[in-house]
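Undergrad: Got a structure for you, questions after.
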Amino acid sequence: MRTPMKIRSSLLVLASLAILALDFAAAQKKPDSAPSKILAFENQWNAAYKRGDVATMNSLLDDDFIITVEDGSTFSKAGYIAHNGDATVHVETSDMSDVKVRMHGDAAIVTGAYHEKGKDKGKPYEYRDRFTDVWMNVNGKWQVIASHYSVATSQ
C-alpha cells in the first residue's frame with residue numbers, strides 16, 4: 001500500500017509532466033511570429049504605396065533603402081518617396097500574390113508576384129512583376145533595406 005506522501009509525490013510528478021507536455025504542444029503549434037510580422041509590414045507598405053502615404057513609407061524604409069524597378073533604374077529612399085508623392089500618378093490596383101517569407105536571423109527575404117495598374121499623367125499603365133524585398137531587424141525595428149522588381153521575360 002502506498003503512503004499518502006508517495007501518492008502526493010506521484011501526483012505532483014504527473015501534474016508536472018502534463019504541464020510540460022501541454023507547453024511543448026503549444027510551442028509546436030505556435031506560428032513563428034517574425035514571418036507574420038514581415039507579411040503584415042509588406043501589406044502595410046503596399047497599402048501605403050497605393051494611397052501615397054509618405055509618412056508610413058518613411059517609417060518602413062531604412063534610411064539606406066535602395067530599390068531597383070522594372071526598367072533597371074534605382075532609387076534611394078528619398079527618390080522612391082518623392083516618386084510616390086508625385087500627384088500625377090494614380091495607382092488603382094496594387095496587389096501581391098504568391099508571397100513567401102524566408103527568415104535568416106535578423107533578416108527576412110520576401111518574394112512574390114506583383115500587379116499594379118493605374119494612370120501616370122493621365123495615361124494608363126500596367127505592370128506584372130516578380131519582386132524580392134529584404135527586411136532587417138535593427139534594434140528591434142523591422143525595416144526594408146532593399147527591393148527589386150523585374151518583369152517576366154514572357155511579357
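Undergrad: Can you go through V134, V138 and tell me which one is buried (at least 17 other Cβ atoms within 10 Å of the Cβ), in contact with a strand residue (DSSP E or B) (Cβ under 8 Å, 6 or more places away or on another chain), more than 17 Å from K50 (Cβ to Cβ) and assigned by TED's automatic domain parsing to the domain that holds L61?
TA: V134
Undergrad: Just to be sure I understand, how many residues within region 103-153 are touching a helix residue (DSSP H, G or I) at 6+ places or on another chain (Cβ under 8 Å) and of a type in the set (K, R)?
TA: 0
Undergrad: Sticking with this one: Tell me, which residue of region 79-105 that is aliphatic (A, V, I, L, M), at pLDDT 95 or above and more than 15 Å from D129 (Cα to Cα) is surrounded by the fewest Cβ atoms within 10 Å (Cβ to Cβ)?
TA: Looking at the filtered set, the residue picked out is M103.
Undergrad: Of (1) at pLDDT 95 or above; (2) surrounded by 14 or more Cβ atoms within 10 Å (Cβ to Cβ), A34 satisfies all except one. Which?
TA: A34 satisfies every listed condition except (1).
Undergrad: Applying the selection to region 44-94, what residues are closer than 26 Å to T153 by Cβ and aromatic (F, W, Y)?
TA: Selection gives Y49, F75, Y80.
Undergrad: Could you please find all residues in region 60-78 being surrounded by 14 or more Cβ atoms within 10 Å (Cβ to Cβ), outside any loop (DSSP other than H, G, I, E, B) and not basic (K, R)?
TA: Residues satisfying the conditions are L60, L61, D62, F65, I66, I67, T68, F75, S76.
Undergrad: Moving on. Inspect all residues belonging to region 114-129 and state whether any of them is surrounded by 14 or more Cβ atoms within 10 Å (Cβ to Cβ), touching a residue at least 40 places away in the same chain (Cβ under 8 Å) and within 14 Å of F41 (Cβ to Cβ).
TA: Taking every residue of region 114-129 in turn, none turns out to be surrounded by 14 or more Cβ atoms within 10 Å (Cβ to Cβ), touching a residue at least 40 places away in the same chain (Cβ under 8 Å) and within 14 Å of F41 (Cβ to Cβ).
The values are calculated or read from the model by the stated rules, or taken from the named source; none is laboratory data. Being a predicted model, the structure only gives us computed values, none of them experimental. Note that we place each Cβ from the backbone using ideal geometry, even for glycine, and neighbour counts take in every protein chain shown.
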